[in-house]
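Written below as structure tokens is the structure these notes are about.
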Amino acid sequence: MILSAIGAKLKSRSKDDFKGRHFEAGLIVQAVSWYLRYSLSYRDIEELLLERGLEVDHSTVNRWVLAYAPLIERRLRPFRKPHCGSIRVDETYVRIRGEWRYLYRAIDKHGEAVAFLLTARRDLDAAKRFFRKMLKGGLLLSPDRIGTDGAGTYPGAIAAARTEGRLARDPIHYVTKHLQQGIESDHFRLKKNMPRAGGFHSFNTARRSIQGFEAMLWMRKGFGFAGPWTVVEQNHMLGLCFGLPKVNEA
């Protein structure tokens, strides 16, 4: 009874999600997931769809990604596991219109995602904004150990979060290159599918796309479910988020 009600709600929401689109919802979600999961360009996906007898311009695929990548991230966010209390914080570079911008990210010691934030600058204000977003869930999600690199902005950001009442206790802040290797490897996994030549064309494009890249990385890691977790199961879950039982079928 409850599952039937949930299924009906998802199907109803799916109609609104894809209202006005000229292609089937399953095809759109599949194309977007290809771009977010693999090192493919929009033109590559255009060719893959043409192999299936579907003429879709690469600019249309681009519009799909910008529209549905953030939606995928929001739909998958509730499935993430809470972090273990010991987190690693770091920032990495993202090229936007030929200029380097900064992506703040945090994972726990088991590699589970905690938060991310794209910023134009790497300074104290940016670090404070990231900590506000990371700790928005409340004191129950307050970390007790925070690992960072040697950037001078992090002590001030941690102190500000404590003053604002976002931390339940004073966390142990440690600076260690060895323990940061985990999040640096995670950066690579996230960025390997991002556009390389020239980077993103705008800050908004980068922000929306990165939401999808992060969400697909959550999918790859799994959400603690028992049983196999192949791309088939991942696509099935993605389909359920949009009320589509079998996304991976033509």
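The values are calculated or read from the model by the stated rules, or taken from the named source; none is laboratory data. What you see is a predicted model; the values in this text were computed from it and never measured. Heads up, the Cβs are rebuilt from the backbone with ideal geometry, glycines too, and the neighbour counts pull from every protein chain shown.
Numbers below:
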item	result
Test result for Val175, surrounded by fewer than 16 Cβ atoms within 10 Å (Cβ to Cβ), of a type in the set (A, V, I, L, M, F, W, C) and outside the structural domain of Lys221 (by TED's automatic domain parsing)	yes
Test: residue in segment 175-194 that is over 23 Å from Ala127 (Cβ atoms) and in contact with a strand residue (DSSP E or B) (Cβ under 9 Å, 6 or more places away or on another chain)	no
Contacts under 8 angstrom Cβ, first residue in segment 201-215 being in contact (Cβ under 8 Å) with a residue 12 or more places away in the chain, partner of a type in the set (Val, Ile, Thr) and in a helix (DSSP H, G or I), 6 or more apart	Arg208/Val65; Ser209/Val65; Gln211/Ile72; Gly212/Val32; Gly212/Val65; Gly212/Ile72; Ala215/Ile72
Any chance Tyr38 is touching a helix residue (DSSP H, G or I) at 6+ places or on another chain (Cβ under 6 Å) and of a type in the set (Ser, Thr, Tyr)	no
Candidates Ser202, Ser209 - the one that is crowded, with 18+ Cβ neighbours inside 10 Å and at pLDDT 90 or above	Ser209
Options Glu99, Glu184, Glu112: the member that is surrounded by fewer than 13 Cβ atoms within 10 Å (Cβ to Cβ), under 29 Å from Ala69 (Cβ atoms) and among the acidic types (Asp, Glu)	Glu99
Single unsatisfied condition, Asp170 versus (1) of a type outside the set (S, T, N, Q); (2) assigned by TED's automatic domain parsing to the domain that holds Val61; (3) without any contact (Cβ under 8 Å) to a residue 60 or more places away in the chain	(2)
Identity of the residue in segment 16-26, free of Cβ contacts under 8 Å to residues at least 40 places away in the same chain and not aromatic (Phe, Trp, Tyr), that ends up surrounded by the fewest Cβ atoms within 10 Å (Cβ to Cβ)	Gly20
Any hit, segment 80-92, residues being more than 21 Å from Arg132 (Cα to Cα) and within 16 Å of the chain's Cα centre (by Cα)	no
Residue check, Arg162 in the same structural domain as Leu27 (by TED's automatic domain parsing) and surrounded by 11 or more Cβ atoms within 10 Å (Cβ to Cβ)	no
So Pro155, is it assigned by TED's automatic domain parsing to the domain that holds Thr119 and crowded, with 19+ Cβ neighbours inside 10 Å	no
Any hit, segment 138-145, residues being in the same structural domain as Ala160 (by TED's automatic domain parsing), over 20 Å from Met216 (Cβ atoms), buried (at least 20 other Cβ atoms within 10 Å of the Cβ) and modelled with pLDDT under 95	yes
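Here is a yes/no grid of residues against (1) closer than 15 Å to Arg105 by Cα; (2) touching a Pro at 6+ places or on another chain (Cβ under 6 Å); (3) charged (D, E, K, R):
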site: Arg121; (1), (2), (3): yes, no, yes
site: Ala126; (1), (2), (3): yes, no, no
site: Phe131; (1), (2), (3): yes, no, no
site: Met134; (1), (2), (3): yes, no, no
site: Ser142; (1), (2), (3): no, no, no
site: Asp149; (1), (2), (3): yes, no, yes
site: Thr153; (1), (2), (3): yes, no, no
site: Gly156; (1), (2), (3): no, no, no
site: Ala159; (1), (2), (3): no, no, no
